C-alpha cells in the first residue's frame, strides 16, 4: 500500500538543491509479494507498459492536472519509482506548507488510485502473444 508522502530531492541532495512532493511507488515497496513478478512482467514489457500508461495511469494523472492547473505529475528516479508532484511553471521546491490541502489530499488519492489500478491488473490480466506476420509478434494485455 502507498506509504507516507516524502520530500524528493531533485539534482543532488547534498546541496539541498530542490525538492518536490513524492510517493515511493516502487513495485517491491508497495505491492504484495505474490504479485511482484507479474507486475515486473507487465510494467517492463514495452508494448504492454505503453498500453497500461495510456489506458490506466494517464487518465488519472490528466484528471488531477485538470483539477489542479498549477501542478504537474510525473514519474522520476532510475526506474521511475517515484510519483512526483511539481509546480507547472517552476518544477522545483514544492513545499508542503505552501501547497493547498486539497492538492495534498488529491495527490494522495491519485497515488492510491494508481496503486489500485495496477493491483487490479496484477490480479486480472494475463500476457498473451499475438502474431500478425510471420516475422513480427508482440505481447498484448488481456483482462479477465
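Observations on the model:
- Spacing of the modelled spin labels on residue 36 and residue 53, each 7 Å from Cα toward Cβ, amounts to 2.4 nm.
- For residue 108 and residue 137, the FRET efficiency from 1/(1 + (r/R0)^6), where r spans their Cβ atoms and R0 equals 41 Å, is about 0.55.
FYI, it's all coordinate maths here, none of it is from the lab. Because the structure is predicted, anything quoted here is derived from the model rather than measured. Methodologically, a virtual Cβ is constructed for each residue, glycine included, from the backbone with ideal geometry; neighbour enumeration extends over all protein chains shown.
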